Amino acid sequence: MSDTHSPEFDRHGQWRRWQMEELLTSPTADADSLQGPSAHQRKVEAAQRAAAEARAREEHERQKIYDQIREAAEEEGYQAGLARGHEEGLTKGLEEGRAQAEKELDVQLQKTLAPLASLAKQFSEALERLDDTIAHDLADLALATGKQLAADALDEHPEHILQVVRELLHTEPPLVGKQRLWLNPTDHTLVETHLGSELEAAQWVLQPDDQLARGGCRVTSAQGELDATFESRWQSVQAQLRKRHSAPSSG
């Protein structure tokens, strides 16, 4: 009987044409193909994969280093350009900023000082008025003090009335007609004792007047009167002092 397991029959037992290639394929090869790759092939493939991974890592590291160098160069160039631009911009900016600041300062000062101008003027005028008031008050105080000191001096040195009478005797032009010299009763006695002969020669008549303060006198005649009382002389001193104070300074 024919062997149904020979190559002329397929796996169903049907007859088929014999092919030349079937002799070239060994049962061992078919078994090996069924068993998968050999250990040698696996080692080769593993080595190939390791080499590929190594090349990939090397390429990655190379690219990383390249990127770092490129970034460093770009950063250095950027910083250098930034420094140059910053320096140039800083110089220009300082000049423009200074000019702008001065302009803004002027405007701000004008705005700030404008409302203060009238206030400063009013304050200055108030100070001037205050100075005038204080000056007048001080002048009045000085005059009052001086008047008291003068009165005290006359009490201590009553002979001052003699000088006053002598000045009146030599007044030019002299009064015409009969003249009377009015004095405080105390001064009347003193003048009569020391200047009686001179007054008699000038035809002056001594006349006591208890209304007059010591140190003063007055001369009357039909032509007029010479007032040398203490009060009138003191008023003259006050007028001269106030006139001197109120006169504008030359500076």
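The amide H of residue 218, built 1.01 Å from its N in the peptide plane, has 182, 228 as neighbours under 5 Å, considering only residues 5 or more places off or on other chains.
Less than 14 Å Cβ to Cβ from residue 211, Lys/Arg counted +1 and Asp/Glu -1: what total charge do the surrounding residues give? Please report the intermediate quantities before stating the final value.
Working: positive: 214, 218; negative: 187, 209, 210, 227, 231.
Residues near residue 211 contribute -3 overall.
Take the Cα of residue 73, go 7 Å toward its beta carbon, and the backbone nitrogen atoms of segment 51-67 under 19 Å from that spot belong to 60-67. Protection proxy ranking of 181-187, 57-63, by the mean of other Cβ atoms within 10 Å over each peptide's residues and highest first, is 181-187, 57-63.
Report the extension gain between residue 59 and residue 227 in nm, rounded to one decimal, defined as 0.36 nm multiplied by the number of residues separating them, less their alpha carbon distance. Write down the numbers at each step before the final one.
Numbers: separation 168, 0.36 × 168 = 60.48 nm, distance 13.08 nm.
Full extension of this stretch gives 47.4 nm more.
FRET efficiency for residue 180 and residue 235, Cβ-Cβ distance as r, R0 = 30 Å, nearest 0.05? Each step should come with its number before you reach the end.
Values: r = 22 Å, r/R0 = 0.75.
That pair, residue 180 with residue 235, gives E of 0.85.
Once the C-beta distance of residue 207 and residue 170 is scaled by a Förster radius of 35 Å, the resulting FRET efficiency is 0.95 to the nearest 0.05.
Kindly state, to the nearest 0.05, the FRET efficiency for residue 107 paired with residue 87, given R0 = 22 Å and r defined as their beta-carbon distance.
Details: r = 30 Å, r/R0 = 1.38.
That pair, residue 107 with residue 87, gives E of 0.15.
The numbers here are math on the coordinates, done by the rules we state, and not lab data. These numbers were taken from a predicted model, which means no experiment stands behind them. Methodologically, a virtual Cβ is constructed for each residue, glycine included, from the backbone with ideal geometry; neighbour enumeration extends over all protein chains shown.
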